[in-house]
1. What's the total number of residues in the range 187-219 that are open to solvent by less than 30 Å² (accessible area, probe 1.4 Å), over 14 Å from the mean Cα position of the chain (by Cα) and of a type in the set (Gly, Ala, Ser)?
2. Of all helices (runs of 4 or more DSSP H) completely enclosed by the range 140-244, which ones contain at least 3 residues that are touching a Pro at 6+ places or on another chain (Cβ under 6 Å)?
3. State whether the residues of the range 20-31 include one that is touching a Leu at 6+ places or on another chain (Cβ under 9 Å) and surrounded by 14 or more Cβ atoms within 10 Å (Cβ to Cβ).
4. Just for the range 78-136: of the residues that are free of Cβ contacts under 8 Å to residues at least 60 places away in the same chain and not in a helix (DSSP H, G or I), which one is nearest to residue 148 (Cα to Cα)?
5. Which one of 236, 223, 176 is open to solvent by 40 Å² or more (accessible area, probe 1.4 Å), among the aromatic types (Phe, Trp, Tyr) and within 16 Å of residue 90 (Cα to Cα)?
6. Report, ordered by the first and then the second residue, all pairs with beta carbons closer than 7 Å, sequence separation of six or more or different chains, a first member in the range 173-184 that is closer than 16 Å to residue 131 by Cα, and a second member that is assigned to a helix (DSSP H, G or I) and of a type in the set (Ser, Thr, Tyr).
Amino acid sequence: MFQVKNKFIKQLLGSFMDLLPIFVVIFVFQLFILHKPIPNLGDIAVGTAFVVLGLTLFIQGLEKSLFPIGESMAYAFSKKGSLSWLLLFAFSLGFGTTAAEPALIAVAAEAARIAADGGMIEQTEIAKNDYAFGLRFTVAFSVGFAILLGVLRIIRGWPLHYLIIPGYIGVVIMTFFAPDAIIGIAYDSGGVTTSTITVPLVTALGVGLASAIRGRNPMTDGFGLIAFASLTPMIFVMAYGMIL
C-alpha cells in the first residue's frame with residue numbers, strides 16, 4: 001500500500017513538472033508582457049490542481065488498462081492466425097476510438113456551425129447535425145482504414161515510407177482541387193484524430209502485433225500506425241468536401 005501511494009505521489013509530482021513550463025509561460029506573459037494581474041487566482045489554483053490530478057490518473061489508466069489490453073488483444077489475434085479477423089479488429093478499433101474522440105466531436109460541431117454561418121449549409125439544427133455527423137464518421141472511417149493498412153504493413157513487412165510518401169503526395173495534389181472551405185478542416189482532422197483515446201490503443205496494437213510476429217521489431221515495425229491515422233483523414237475529408 002505504501003509503495004502504491006509513493007508511486008502515485010511521484011507521478012503526481014511528475015505531472016506537475018510536465019505542466020510547469022506551460023504555467024510559467026502564461027504567468028510571465030500575463031505579468032511582465034501584458035502587465036495585467038492574474039484574474040481569479042483561487043479558481044486558477046483549483047483548476048490547476050484538477051488538471052494535474054486528471055493527467056496523473058490518465059497516465060495511470062494508460063499503464064494499467066489501455067496499453068496492456070491493446071497489446072494482449074493484438075498478441076491473441078496474431079496467435080489465432082486469422083488475417084481477416086485481425087484486419088476487422090484493426091478497422092473497428094480505429095473507427096470506434098476515433099468516433100468517440102472528444103476533440104473530433106468538438107471540431108465537427110464547430111465546423112458545422114461555421115459552415116452554416118458561411119452559407120454552405122442551411123442554418124438549421126438538422127443541417128448542422130447532418131454535416132457534423134458526416135464529417136465525424138468520414139474521419140472515423142478514414143482512421144479505421146488507416147489502422148487496417150498499418151496492420152497489413154506490419155504483417156507484410158512493408159517499409160513505412162513506401163506508403164507515407166505517396167500518401168502525402170496525394171494530399172498535396174488533392175489540395176489543388178478540394179474546395180477552399182474544406183482544406184483547413186481536412187488538415188486539422190489529421191491532428192484531432194491523434195488524441196487521448198486513439199493514440200494509446202493504436203500504439204499498443206502496433207507494438208503488441210510487432211512483438212508477436214516472428215521477424216518483426218517492435219521499435220521499427222510496431223510504431224507508425226499514428227502516422228497513417230494522421231494522413232488518411234486529410235485525404236478522406238477533402239474527398240468528402242469535393243463530393244458535397
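The values are calculated or read from the model by the stated rules, or taken from the named source; none is laboratory data. These numbers were taken from a predicted model, which means no experiment stands behind them. Every residue, glycine as well, gets a Cβ built from its backbone with ideal geometry; the counts of neighbours run over all protein chains shown. Please note that ligands, DNA and RNA were not included when accessible areas were found on the heavy atoms of the full protein model with its side chains. Shrake-Rupley method; radii C 1.70, N 1.55, O 1.52, S 1.80 Å.
1. 4
2. On the way: elements: 161-177, 180-192, 198-212, 225-243.
Those helices (runs of 4 or more DSSP H) span 198-212.
3. The answer is no, given that none of the residues of the range 20-31 is touching a Leu at 6+ places or on another chain (Cβ under 9 Å) and surrounded by 14 or more Cβ atoms within 10 Å (Cβ to Cβ).
4. Looking at residues that are free of Cβ contacts under 8 Å to residues at least 60 places away in the same chain and not in a helix (DSSP H, G or I), I get 82.
5. Numbers: 236 fails: within 16 Å of residue 90 (Cα to Cα); 176 fails: within 16 Å of residue 90 (Cα to Cα).
After applying the criteria, what remains is 223.
6. Listed pairs, sorted by first residue: 183/175.
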